[in-house]
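Got a structure here, written out as structure tokens. Questions coming.
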Amino acid sequence: MKMNIKLTVYFLICSAVYIGIGAVCFAETQTVSVLDDFSRANRFYKEGQFEKAKDAYEAILDGGFESGPLYYNLANSYYKLGGLGRAILNYERAEFFMPQDRDLKFNIEFCRSLVQDGIVPRQTLIANLLDKLSSKVSFNRITFMSAALYCLLCILSGVYFLSRRRLQFLKPAIFLSLIFFITAILTLSPKIYQNHLRREAVIIVPEAACRFAPSDTSTTYFKIYEGAKVDIVAEDAGWARIRTADSKIGWVKGEVLQRVYTAFFKS
Amino acid sequence: MRRFLILFLFSACILESPCCLWAKDAVMGISVDKKVVEVGDAIQLSLSFDNGQKVPALDLPAINSFKSQYLGPSTMMSIINGQVSSSITHRYLLVAVKTGTFKVGPLAISYKGIDYKSEAIEIQVVSRGQLSKSSPGNSVQPQAQAQTEEELKERIFLAISVPDTRVYLNERVPVTVKLYVNQLEVRDIQYPEILGTGFMQDGFVNPRQSRQYRDNVSGILYDIIEFNTYAYFTRDGEIALGPAKLKCNLLIRESQRRRGRGIDDLFSHDFFDDSFFSDMFGRSRIYPLDLTSAQLAINVSSLPEDGRPQQFSGAIGSFKMQVEAEPRELKAGDPITLTFKIAGDGNFDSVNCPRLDSEEGFKAYQPQARTEDGVKIFEQVIMPESEKITEIPKIKFAYFNPQIEKYILIEEGPFPIRVAAQAEDKSVVLDASQIKQILPQKTQVLGRDIIYIKEEAGAWQKKGDFLHLRTGFLIFQLLPLSFLFISLAVGKRRERLSADVHYARKLRAPKIARAGLARAKRYLKNNKTKEFYDVIFKTLQEYLGHRFSRASAGITAQVVDELIESKNLDAQTADKLKNCFLNCDTARYAVSQDSMQTMQKTLAQLEEIIDNLERRKRK
């Protein structure tokens, strides 16, 4: 009994220290001036000055801050200015921060329906399931949850090994935290794949020629239209080798597309 | 009667006779596969006879500057709408022997009393190498590309056509885009795109379902693919239709060998030159083509005001109307469903629901429309308001027929009905499904736009500052892992200590030794000889007992020999050990007062023994 109390106290201290350090290290920054800028940009939008609104949202991004609603509003501004490609690009970025937002889902579906190619990508059952799972929470949240579950798993296992008589009541707790940890990792992995490995991009010009080779004189294989989402397979001297949703591969000029998750890559 | 029979038999003989064919087309078609040829190359001349499957091959007259050879006939029979037609084509090989422009024909043959005549065809023969420089069969050089494309225009081109260039506003105008290909391999043909403003167009019919055939154009035989659609002109005046644009790929052989059809080529045909092998070994390449047709000037007229019926609501084409009214026997206030079926050929978008001649005595609801397989169907619910109504008035539908350029008014009805009086005290109870059937559904067209901006800024974060990319976060993840490993190590050690007594005693031996040595030093300092040697002896006993897993109390000077032997201790350590035991025994059991120096020496010996044995353990 005495030992159990000692262990519980030990466990609580460990958790408190971990959460305390975490809170200090990863506290989110709220800046009053950014909020003012955001409100000003919203005012421009409401007054129908979409160009000014777009510039104001971009200025906040240039200032080094980002948020889901910021990308969402910027995408709305681009849409109103006729930039379908950039609108979809910024909706995609907003989805990263607020994947469950219904307005965002509606807008992104609406804009995708306006894209000329109308290609519906095929997905396997497992990929679809993982996609659905990962679209429930934002990237940072699922990262934090995974880390917390990992920490809990380590601490519980550590306490179990330390205890002289191997406290049996810890076993179900360890098993449960292991299950949750695996689920969190499964949720996180499609996002990591999508953001780090897949390298998604959106076409931002009305029409682009996709060629057989990275050269202006090369034969055009097919045309790709504004708003189409593609994967960057490789890059070479200002050209990008892309794969479309229907698995066609060709070269386009680098300036016709923009990556969705630029923050992760050193381009 | 007899005279009639003779007349009938005579007519039958006349009709059965092949001579009746002269009443049909007795033209002999003449075509060549190309009109420009190099000296020594061959062209294929085809003479075709429609409705004359048995016409024999014609002996070609000597044609200046060509050597001819008969290749053989090919026959074709087709059944279109139950009508059987047949044709025969005789093919000849003409080999050019000198340069210049030459005429072949006109040719003529008489068979079974029918005279077949062809037109003349002009062929240009150029010197060798002149064509092959820009032939698409060679690899395409950039400087020769323009010339190649110019020449290609004659071998592959696009044409747009309409039956009549004078049309009416909103008239359904069939538009045909034809792709002409002569002796070329074309792949990946895309749907054409018709450019221009002032008209709308339907989608193209799948070319696989439309016509693909061969035709002779200016003496050259072309493979033709037709793309059919309909256009509707939305403003009057002169409107440019087209140009039509089409994208396709031309398959070009990479082989540098000349691809002419000279006699030499025909006889030295390489088996591996076959397109199958060429494709298989990658000796062909794709050459993308953007074909553009000419524009068509369409003169669009407004519908005439003269003779326009009152009931006309914009329908253009040629239509028939069928009207059904159900039920015909009912009570006042009960619904009658009128079904109007408008069938025919024309712009169905311009067809509106026909109207009752008079709606007096009826309550009429908005009609609902749908289109099914070339029939536009309207359903309208009307209710007779009193039992005095005896018929549904005439229903009139007016349309403009652009073929005859006149308005046509079609009438149906009147339809007699029997309306009974509605019982006053009886109220009709309709359930929701009945009401839904009776009352027309108002379809609301929903607007489409994006959802408004967000007022709340959400959680801000520094751009690109993602948790998993922070070094601190990643290092922080090592803490729980370290804790886990330390716990695991401690747990394992503890487990071993409790399970393995020898290991535990061995670990305790140095501690015991250190404690004993400390006490001995204290006694030495206070010059307590007996206590000093007691502690030294006990420390030595306990250390050796733990170190070598023996009972401590049983270790005496006599046991040491056995220990030295079993543990292979070196001679120096063994001597010191024996000496130490001996000193202790002497001091403890013989009454003597050893000097401080002797005691210090014994202590030093003990320290050395323990040190040596610990070092040996580590080794």
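Tally Lys and Arg at +1 and Asp and Glu at -1 over the other residues with C-beta under 12 Å from the C-beta of B:Leu582: what net charge comes out?
Within the 12 Å Cβ shell, the charges total +1.
Here are some pairs, B:Lys103/B:Lys245; A:Lys46/B:Lys462; A:Lys52/A:Lys191; A:Lys46/A:Lys105; which of them have Cα atoms lying more than 30 Å apart in this structure?
In this structure, B:Lys103/B:Lys245; A:Lys52/A:Lys191 exceed 30 Å between Cα atoms.
How much of the accessible area of the stretch A:200-264, in percent, comes from carbon and sulfur atoms when a 1.4 Å probe is used?
Here carbon and sulfur together make up 46 percent of the probe-accessible area.
Show A:Ile13, B:Ile156 ordered by accessible area, largest first, where the area counts protein heavy atoms only and the probe is 1.4 Å.
Largest accessible area first, the list is A:Ile13, B:Ile156.
When we measure straight from the Cα of A:Lys171, which lysines land under 22 angstrom away, once same-chain ones fewer than 8 places off are left out?
Cα-Cα hits under 22 Å: A:Lys2, A:Lys6, B:Lys492.
Hey, another quick one. For B:Leu250, enumerate residues with amide H under 5 Å from its amide H, sequence gap 5+ or separate chain, H modeled in the peptide plane.
Answer set, sorted by chain and number: B:Arg187, B:Tyr287, B:Leu289.
Follow-up question, since we're still on this one. Using alpha-carbon positions, what is the distance between the centroids of the stretch B:346-373 and the stretch A:167-236, in Å?
That distance is 54 Å.
Same structure again: At a probe size of 1.4 Å, how large is the accessible area of B:Arg519, to the nearest 10 Å²?
Approximately 90 Å² for this residue.
Follow-up question, since we're still on this one. Mind listing the phi-derived Karplus ³J(HN,Hα) values for the stretch B:533-543, rounded to whole Hz, using 6.51, -1.76 and 1.60 with θ = phi - 60°, and x for any glycine or proline?
Taking θ as phi minus 60°, the curve returns 5, 4, 5, 4, 5, 5, 4, 5, 4, 5, 4 Hz for the stretch B:533-543.
Grab the other residues whose beta carbon is less than 12 angstrom from that of B:Gly554, score K and R as +1, D and E as -1, and report the net. Intermediate results must be reported in sequence, preceding the final value.
Working: positive: B:Arg550; negative: B:Glu542, B:Glu562.
Computed value for this residue: -1.
At 7 Å along Cα-to-Cβ for each site, give me the label-to-label distance between A:Val205 and B:Gln366 in nm.
4.7
Let me ask something else about it. Taking θ as phi - 60°, what are the ³J(HN,Hα) couplings along the stretch B:28-42 by the Karplus curve (6.51, -1.76, 1.60), each to the nearest whole Hz, with x for Gly and Pro?
Once rounded to whole Hz, the list reads 9, x, 10, 8, 10, 7, 7, 9, 10, 9, 8, 4, x, 8, 10.
What is the set of long-range amide H partners of B:Arg172 at a cut-off below 5 Å, with H atoms built 1.01 Å from backbone N?
Amide H neighbours of B:Arg172: B:Asn347.
About the Cα centre of the stretch A:173-223, what is the dipole size in debye to 20, counting +1 per Lys and Arg Cβ and -1 per Asp and Glu Cβ, all else neutral?
Value, rounded to 20: 80 debye.
Need one number: buried accessible surface between chains B and A, 1.4 Å probe, both sides summed, DNA, RNA and ligands left out, in Å² to 100.
Details: alone 39310 and 16300 Å², together 50800 Å².
Chain pair B/A: roughly 4800 Å² of buried accessible area.
Apply the Karplus parameterisation 6.51 cos²θ - 1.76 cosθ + 1.60, with θ equal to phi minus 60°, to every residue of the stretch B:395-403 and state each ³J(HN,Hα) to the nearest whole Hz, in sequence, with x for glycine and proline.
These are the phi-based 3J(HN,Hα) values: 10, 10, 9, 10, 9, 9, 9, x, 5 Hz.
Starting from the Cα of B:Gln403, move 7 Å in the Cα-to-Cβ direction to define the label point; list residues of the stretch B:167-186 whose amide nitrogen is under 20 Å from there.
In the stretch B:167-186, the label zone of B:Gln403 (backbone N under 20 Å from the point 7 Å along Cα→Cβ) covers B:167-176.
The values are calculated or read from the model by the stated rules, or taken from the named source; none is laboratory data. None of these values were measured; they are calculated from a predicted model. Cβ sites come from the backbone with ideal geometry, for glycine too, and all protein chains shown count toward neighbours. Areas reflect the complete protein model, heavy atoms only, side chains present, ligands, DNA and RNA absent. Shrake-Rupley method; radii C 1.70, N 1.55, O 1.52, S 1.80 Å.
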